[in-house]
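Report on the structure given below.
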Amino acid sequence: MSTVTWDKELIEKYNINGPRYTSYPTALMLSEQFSESRIEAALKNSGDELCLYLHLPFCHKLCYYCGCNKVITRHQHKADKYLDYLAREMAMYQPMVKDKKIRQIHLGGGTPTFLTEQQLTRLMKRVHQHFTFADNPEVSIEIDPRSCSDEKLRHLRELGFNRVSYGVQDFDKKVQIAINRVQDIELIAHQLKLSKELGFESINLDLIYGLPYQRPETFKKSIQQVIEMAPDRISVFSYAHLPQRFAGQKKIPEESIPQPSVKLHLLEQAITQLSEAGYQFIGMDHFAKKDDSLAVAQREGRLQRNFQGYTTDGQDVLLGLGVSSISQVNGVLWQHEKELPAYYKMIDSGQKPIIKSMALNDEDKLRAALISQIICHFEIDTEAFKAQWNIDDFWVHFDAAIPLLKPFIEDGLVNTSNGKLRVTDLGRLWVRSICACFDEYLNHGQKRYSKVV
Ligand SMILES: C[S@@+](CC[C@H](N)C(=O)[O-])C[C@H]1O[C@@H](n2cnc3c(N)ncnc32)[C@H](O)[C@@H]1O
Ligand code: SF4
């Protein structure tokens, strides 16, 4: 797939607030009025296999930029209590999933490596007690390099983990100090090398562009250092600055945050550097080596998207466990309680900690398929889609999108000739805004979403 081309005027025109479409409808559409039996039926009637996401919320120290659901604490025993409740939650879901096999499991957070080796063992023991794994499952974990020793990494491998994702963000010291996350490049280089030696099959690094004091020269150097470490995948997230939602971000002085034009230059530079180094630009914020399963899945038209972003698997078969996790199985979405005390209270009262849900109707499913195809593959065959979804005419069905797409077409970001809707190279950066044209629920310009770039 070719790379992105640039135009600064378009950047100013299309850099709106918009969803990342890790699901459609987005999590904001979930309702407090829902039926638990519908969720249970969705799980029971799903296929033979499921993917599992476990949320581990604890971190030792606050990174000021953080937009994740986390609990900052020095008290290790808090994780023991959490693991008890997580096991009780697994037991609650078990009756619906006991015949299914788990083909992917991902530990995210917060910081899963906040857990000690002993706690990690205990957690995985519980997982194996309650779930059956498929052959050769993908078992992955998010690692904060500062909370992972060589011994812990070895231990993870022994527990069956075969994929790791490291939080890096930036190597520049001035940026690291401003975000309250100082970590040496040597530590990360060492852990990456050891991960390779230990036989982890896939290694990902997370970076963020748009952080305080980032400049094109310094970020270029950080990207170069990442390239030298040669991870299989690289995420370059756009810094989502929403201080009203994430109080820690108020500690970042507004004037230290790069202006939109600088921020875009950082992304432009990263895309150019990573493409030249042989990484495939998957889309939005993901890059992968050409032989990585993500890049292969995209080339073969099998790429998917779920709450973890681009993925080879797990769309509509993802069961999330733990505080704040979101699930999507068989056309039903549901979210767990976000705050720990309330999460504990619900489990104590014998309830699954579900606070919101939504069942997709036929129109939602059709639009979800369309948005997924555009965001993953940047092209859709309108005739084939029409036949697959049994609609009379593609553009009659999506007539409300026509005026919204018009400026994108006029500016050369979208092309609608020869029975296809194609996001052009120039439009790939704006794929979130293009998908939004087909979003029936979106109040355009909603402030609760972060900027598209
Ligand atoms: C749960 S953390 C990864 C694991 C571990 N807690 C760590 O930080 O190393 C997930 C990732 O989300 C990204 N992230 C967090 N807050 C963000 C924000 N406000 N904007 C963009 N990306 C963000 C960071 O790249 C981070 O590595
Ligand atoms: S970025 Fe990671 S380590 Fe930092 S506060 Fe957020 S979840 Fe915790």
| message | List the residue pairs whose Cβ atoms are under 8 Å apart, where the first residue sits in the range 157-176 and is among the aliphatic types (A, V, I, L, M), the second is assigned to a strand (DSSP E or B) and surrounded by fewer than 20 Cβ atoms within 10 Å (Cβ to Cβ), and the two are 6 or more positions apart or on different chains. | response | VAL164/SER202; VAL168/ASP206
| field | Positions within the range 201-232 being within 16 Å of ligand 2 (Cβ to nearest atom) and either among the aromatic types (Phe, Trp, Tyr) or without any contact (Cβ under 8 Å) to a residue 24 or more places away in the chain (or both), in sequence order | value | TYR209
| field | Unmet criterion (only one of (1) within 13 Å of ligand 1 (Cβ to nearest atom); (2) touching a Ser or Thr at 6+ places or on another chain (Cβ under 7 Å)) for SER293 | value | (1)
| field | Selection from the range 149-191 of residues that are more than 15 Å from ligand 2 (Cβ to nearest atom), surrounded by 14 or more Cβ atoms within 10 Å (Cβ to Cβ) and assigned to a loop (DSSP other than H, G, I, E, B) | value | LEU159, PHE161, ASN162, PHE171, ASP172
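Quick check on this structure: which one of ILE223, ILE208, ILE227 is within 16 Å of LYS173 (Cα to Cα) and either in the same structural domain as LEU429 (by TED's automatic domain parsing) or in a helix (DSSP H, G or I) (or both)? Explain how you work it out, then say what you get.
Values: ILE208 fails: either in the same structural domain as LEU429 (by TED's automatic domain parsing) or in a helix (DSSP H, G or I) (or both); ILE227 fails: within 16 Å of LYS173 (Cα to Cα).
Going through ILE223, ILE208, ILE227 in turn, the sole match is ILE223.
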| message | For the range 117-127, check the following and say yes or no: at least one residue is without any contact (Cβ under 8 Å) to a residue 40 or more places away in the chain, in contact with a His (Cβ under 7 Å, 6 or more places away or on another chain) and surrounded by fewer than 21 Cβ atoms within 10 Å (Cβ to Cβ). | response | yes
| request: Might you check whether a residue that is in the same structural domain as LEU107 (by TED's automatic domain parsing), in contact with a strand residue (DSSP E or B) (Cβ under 6 Å, 6 or more places away or on another chain), closer than 29 Å to HIS265 by Cα and not polar (S, T, N, Q) occurs anywhere in the range 144-162? | output: yes
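Tell me whether the range 209-228 contains one or more residues that are at positive phi, within 14 Å of ligand 1 (Cβ to nearest atom) and surrounded by 20 or more Cβ atoms within 10 Å (Cβ to Cβ). Please lay out each step first, then the result.
At the first step, the residues of the range 209-228 found to be at positive phi are 210, 213.
Checking which are within 14 Å of ligand 1 (Cβ to nearest atom) leaves us with 210.
Checking which are surrounded by 20 or more Cβ atoms within 10 Å (Cβ to Cβ) leaves us with 210.
Within the range 209-228, one or more residues are at positive phi, within 14 Å of ligand 1 (Cβ to nearest atom) and surrounded by 20 or more Cβ atoms within 10 Å (Cβ to Cβ).
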| Of the residues that make up the range 79-94, is at least one touching a strand residue (DSSP E or B) at 6+ places or on another chain (Cβ under 7 Å), within 16 Å of ligand 1 (Cβ to nearest atom) and more than 20 Å from GLN335 (Cβ to Cβ)? | yes
| request: Would you check if LEU43 is of a type outside the set (Ser, Thr, Tyr), in contact with a strand residue (DSSP E or B) (Cβ under 7 Å, 6 or more places away or on another chain), touching a residue at least 24 places away in the same chain (Cβ under 8 Å) and surrounded by 15 or more Cβ atoms within 10 Å (Cβ to Cβ)? | output: yes
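Just for the range 434-453: of the residues that are modelled with pLDDT under 90 and of a type in the set (Gly, Ala, Ser), which one is surrounded by the fewest Cβ atoms within 10 Å (Cβ to Cβ)? Break it down into steps so the answer makes sense when it comes.
Keep residues of the range 434-453 that are modelled with pLDDT under 90, which gives 442-453.
Retained after the next criterion (residues that are of a type in the set (Gly, Ala, Ser)): 445, 450.
On the way: GLY445: 10, SER450: 20.
Looking at the filtered set, the residue picked out is GLY445.
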| Where residues in the range 416-445 are over 20 Å from the mean Cα position of the chain (by Cα) and β-branched (Val, Ile, Thr), which of them is farthest from PHE394 (Cα to Cα)? | THR424
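Would you call LEU107 at pLDDT 95 or above, within 23 Å of PHE246 (Cα to Cα) and either in contact with a Phe, Trp or Tyr (Cβ under 6 Å, 6 or more places away or on another chain) or buried (at least 20 other Cβ atoms within 10 Å of the Cβ) (or both)? Walk me through how you get there before you give the answer.
Working: at pLDDT 95 or above: yes; within 23 Å of PHE246 (Cα to Cα): yes; either in contact with a Phe, Trp or Tyr (Cβ under 6 Å, 6 or more places away or on another chain) or buried (at least 20 other Cβ atoms within 10 Å of the Cβ) (or both): yes.
Against the criterion (at pLDDT 95 or above, within 23 Å of PHE246 (Cα to Cα) and either in contact with a Phe, Trp or Tyr (Cβ under 6 Å, 6 or more places away or on another chain) or buried (at least 20 other Cβ atoms within 10 Å of the Cβ) (or both)), LEU107 qualifies.
The values are calculated or read from the model by the stated rules, or taken from the named source; none is laboratory data. Here the structure is a predicted model, which is why all the values come from computation and not from measurement. FYI the Cβ positions are ideal-geometry reconstructions off the backbone, even for glycines, and counts take in every protein chain you see.
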